[in-house]
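Visitor: Sharing a structure here in structure tokens format.
Rule-based calculations on the coordinates, nothing more; no lab input. The structure presented is a predicted model; accordingly, all values stated were derived computationally and were not measured. Note: ideal-geometry Cβ built from the backbone for every residue, glycine included; neighbour counts use all protein chains shown.
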Amino acid sequence: MPSQEDAQTGVLEDLDAAAVEYAAAVAGATDVQRAALRDGMVRICLPFAGRMARRYRGRGENTEDLEQVARLGLVKAVDRYDPERGSFTAYAVITISGEIKRHFRDRTWGVHVPRRIQDLSLEVGHATVVLTTELFRAPTSAELAAHLRIDESAVREAIESSAGYAPSSLNAPVGGDGAAEFGDLLGGEDADLELIDDRVTVAGLLLRLPERERRMLAMRFYGNRTQAEIAIELGISQMHVSRLLSRSLAWLREAMLSDALPRWEGATSDAHGMRITVDETGGVVVVRVKGEVDRDTAERLRSSLRHALENVGQGRLIVDLAGVPLVDAAGVSVLVEIATAAAVAGAEFVLSGTQPYVTRILAVSGLKEPLERNGR
């Protein structure tokens, strides 16, 4: 009884002989005869195509589909075979294998991947099986690269791309009851979406702030500058920067929470950030100040108050601070100096209309008495 190897060899020899006879018969046949001869040759080779297809079982593709692809390759091999080029069996193996591999490359990948990566992914998969058998463990990417004589980065790219062969469906059920789908577990709400309205509103409100305050906020929160660095660049004290930032942020918060814009009590558009007006009636001189009194404007206030004190003599000097939202150390120093000078000259010095924040600053700075004279 012949062995399996002998039987297979006989089949291969029969296919080669049949192919030679088919080529000779087709050469002088009519179109109808050619069609009949072609059908007969294909029927003889169908079992061979089936065996070729079964080599690729277990790769995620239906066996019947693989057999159809193998038969298509077989037909192409029969139509293109030339006896002068050698064995039909060898030619059929190459043609059918190429057709099956092309099917896997073009039809079975769930995500489009370049052909180079697809072929490399197959090689990496085969090498993984071989090395796992030899090492009794899963090989590393470095070991796969050494085995295939390629770069390790190419191996990692092939492994990552292999996930695109059969991607998971977002509609795949999860859990025992199957009520939820895989897609329900992915993603989530973007918390930043809720902040869009607030950011747009803040952007509009920032444009309503004075230029200096806008610049300070930009340096602090966008430029990540410290208050000390901002103070050096703007030429003011660090404490003044802190107060201006606090006031700007308080105004923004109030504006965000109210329908109408709150009043901004700060520097005016005047080049010096402060306006001073003087009214004199009899022995009373009223100096009205509007704007911030800081290091930049303190000298102007000192000059105006000294001139007013000279004019009032031993009368009454009233400094109206109703329009002053902020007084820093330089401004307090000026007011203390004028209060002392007024006491020496025998004039009455009064601070009126001070806002609560300014009142607290002046009261703890030795100007409590001029503040109390306001109600007399």
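Visitor: Name the lysines eligible as straight-distance cross-link partners of LYS290: C-alpha to C-alpha under 29 Å, and not fewer than 8 places from it in the same chain.
Guide: List returned: LYS368.
Visitor: Further, regarding this structure: Per 0.36 nm of contour for each residue apart, how much would the distance between GLN33 and LEU72 grow if the chain were fully extended, relative to their Cα-Cα spacing?
Guide: 11.9 nm
Visitor: Taking the Cα centre of the range 215-316 as origin, work out the dipole magnitude from +1 charges on Lys and Arg Cβ and -1 charges on Asp and Glu Cβ, in debye rounded to 20.
Guide: Values: 15 positive and 13 negative charges, 30 e Å.
Approximately 140 debye in magnitude.
Visitor: So, one more: In what sequence, highest mean first, do 30-43, 146-159, 326-339 appear when ranked by Cβ atoms within 10 angstrom?
Guide: Taking the mean over residues of other Cβ atoms within 10 Å, the ranking is 326-339, 146-159, 30-43.
Visitor: Let me ask another. Please provide three numbers in whole Å: the alpha-carbon extents of the range 274-375 along the principal axes, with the largest listed first.
Guide: 31, 24, 21
Visitor: About the Cα centre of the range 274-375, what is the dipole size in debye to 20, counting +1 per Lys and Arg Cβ and -1 per Asp and Glu Cβ, all else neutral?
Guide: Value, rounded to 20: 80 debye.
Visitor: Could you check the spin-label model distance between HIS126 and ASP14? Points 7 Å from the Cα along Cα→Cβ, value in nm.
Guide: The answer from the label model is 3.0 nm.
Visitor: Given the Cα-Cα distance of GLU181 and ARG208 and 0.36 nm per residue of separation, how much length would full extension add, in nm?
Guide: Extra length available between GLU181 and ARG208 comes to 4.8 nm.
Visitor: Using a 7 Å offset from the Cα along the Cα-to-Cβ direction at both SER365 and ARG156, what is the distance between the two label points in nm, to one decimal?
Guide: 6.3
Visitor: Can you sort PHE136, PHE48, PHE221 from fewest to most other Cβ atoms within 10 Å of each residue's own Cβ?
Guide: If I rank by nearby Cβ atoms, fewest first, I get PHE136, PHE221, PHE48.
Visitor: Rounded to the nearest Å, what's the spacing between the alpha carbon centres of the range 45-107 and the range 304-362? Just the number, please.
Guide: Taking the Cα centre of each part, the range 45-107 and the range 304-362 sit 103 Å apart.
Visitor: If I take R0 = 45 Å and measure r between the Cβ atoms of ALA329 and LEU193 in this structure, what FRET efficiency does the formula 1/(1 + (r/R0)^6) give, to the nearest 0.05?
Guide: After rounding to 0.05, the efficiency reads 0.50.
Visitor: Separate question: Hey, any idea what the orientation-averaged projected area of the convex hull of the range 115-164's Cα atoms comes to, in nm²?
Guide: Averaged projected area of the range 115-164's Cα convex hull equals 3.1 nm².
Visitor: Estimate the FRET efficiency between LYS101 and VAL200 by the formula 1/(1 + (r/R0)^6), using the beta-carbon distance for r and 41 Å for R0, to the nearest 0.05.
Guide: Computed FRET efficiency for LYS101 and VAL200: 0.15.
Visitor: Just to verify a number: FRET efficiency for MET239 and ARG215, C-beta to C-beta distance, R0 = 22 Å, to 0.05?
Guide: The value I calculate is 0.75.
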